[in-house]
Ligand SMILES: NC(=O)c1ccc[n+]([C@@H]2O[C@H](COP(=O)([O-])OP(=O)(O)OC[C@H]3O[C@@H](n4cnc5c(N)ncnc54)[C@H](O)[C@@H]3O)[C@@H](O)[C@H]2O)c1
């Protein structure tokens with residue numbers, strides 16, 4: 001019988017796959033302290049993990065561990081070197097969350113374009129008659145959006161933006177012009193040169209040494225005054241200090257962030273008080289439907305691994 005540790009609770013639909021399965025015994029823990037996890041993980045064969053840190057120290061103490069199943073697709077919380085050195089397979093819930101994140105991007109785009117916070121507040125505070133004095137909102141129709149990172153989520157967002165009749169541009173050095181053209185997008189080769197043409201920019205690439213602080217003050221300065229910048233990928237791809245400065249200088253219309261350089265962000269992070277920043281607590285995938293799909297997929301990946309059926313597309317290639 002294989003021992004499975006579910007680190008951080010998941011949707012019941014996932015747990016149901018393990019309940020009554022004679023091949024597995026499992027435990028769910030919400031404590032993510034290093035010493036606690038080192039003890040819990042030491043005789044486990046497989047684990048599921050959400051966003052808490054899985055350090056080398058924890059991985060090295062898991063002598064039987066064969067598979068780490070990420071409840072999600074980003075894996076910057078996991079020590080990849082230790083995972084590889086210990087010959088552990090890393091799986092992701094590759095098919096579960098693109099729809100939810102793409103919808104969240106649209107939610108942010110519309111909320112910012114329509115100045116949702118301000119207009120909602122105006123009615124609720126009895127200031128309805130001030131409606132004509134409010135700053136104007138903007139339309140998304142016929143506007144240009146740059147999707148930076150064209151993987152599962154970027155592709156899903158493109159389809160939704162087509163429905164809004166937007167002009168879609170894609171920046172992803174690893175995807176060919178033909179592939180982008182086939183689905184109705186235009187490939188951008190030079191990110192810097194494209195910035196002054198975009199009405200919206202949405203980031204969908206991984207965080208790594210090449211993408212850290214990719215978007216900085218100088219780049220935001222090149223953007224249109226009415227540009228809406230969204231990051232629902234990983235905190236740190238946009239330099240937060242630079243973004244806050246740029247918003248204060250009215251360099252762009254607004255920014256939507258689902259992810260932060262430090263999570264949770266410090267209470268003294270100025271973006272928390274910036275009226276032009278629209279924020280959510282890394283919750284793009286928190287739809288009932290998506291959490292169910294992720295819960296099922298993270299457990300199914302563990303089961304499939306031990307049945308030698310885990311699809312290659314769900315396994316992370318660690319270089
Ligand atoms: N907010 C959330 O809750 C949430 C949920 C899921 C995923 N994410 C994040 O969203 C991002 C995208 O996820 P995905 O499932 O689409 O990943 P994916 O691996 O399918 O796609 C990522 C794309 O980024 C491209 N890319 C890599 N480096 C790049 C660079 N320097 N410039 C431009 N493009 C580059 C890759 O070629 C790839 O096409 C990841 O950062 C992931 O961690 C966030």
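Read-outs: derived from the displayed coordinates by stated rules, not from any lab. Because the structure is predicted, anything quoted here is derived from the model rather than measured. Neighbour counts run over all protein chains shown; Cβ positions are idealised from the backbone, glycine included.
Using the Cβ-Cβ distance between residue 280 and residue 141 with R0 set to 22 Å, the FRET efficiency works out to roughly 0.35. Is any residue of segment 187-212 close enough, with backbone N under 19 Å, to a label point placed 7 angstrom from the Cα of residue 53 along the Cα-Cβ axis, and if so, which? In segment 187-212, the label zone of residue 53 (backbone N under 19 Å from the point 7 Å along Cα→Cβ) covers 207-209, 212.
With the cut-off at 1.5 for a/c, could you classify segment 140-222 from its C-alpha gyration tensor as rounded, prolate or oblate? Taking the square roots of the gyration eigenvalues as a ≥ b ≥ c, segment 140-222 is oblate. For segment 188-246, the share of alpha carbon pairs falling in successive 10 Å distance bins from zero is 23, 61, 16 percent. Orientation-averaged projection of segment 51-131 equals 8.0 nm² [convex hull of Cα atoms, one quarter of hull surface area].
The length gained on full extension between residue 186 and residue 34, counted as 0.36 nm times the residue separation minus their Cα-Cα distance, comes to 50.1 nm. Anyone know which of 197, 127, 181 comes out most mobile in the 10 Å Cα GNM of the chain? Largest GNM mean-square fluctuation: 127. Over the chain, the pair-distance histogram of Cα-Cα distances with 10 Å bins from zero comes to 6, 24, 30, 22, 13, 4, 0 percent, rounded to whole numbers.
For segment 168-319, rounded, prolate or oblate, judged on the Cα gyration tensor with a ≥ b ≥ c (square roots of eigenvalues), a/c < 1.5 rounded, else prolate if a/b > b/c? Here segment 168-319 falls in the oblate category. Stretched out straight at 0.36 nm per residue, the stretch from residue 178 to residue 125 would grow longer than its current Cα-Cα span by 13.9 nm. If you run the Gaussian network model on the chain, springs between alpha carbon atoms under 10 Å, then out of 126, 184, 74 the most flexible one is 126.
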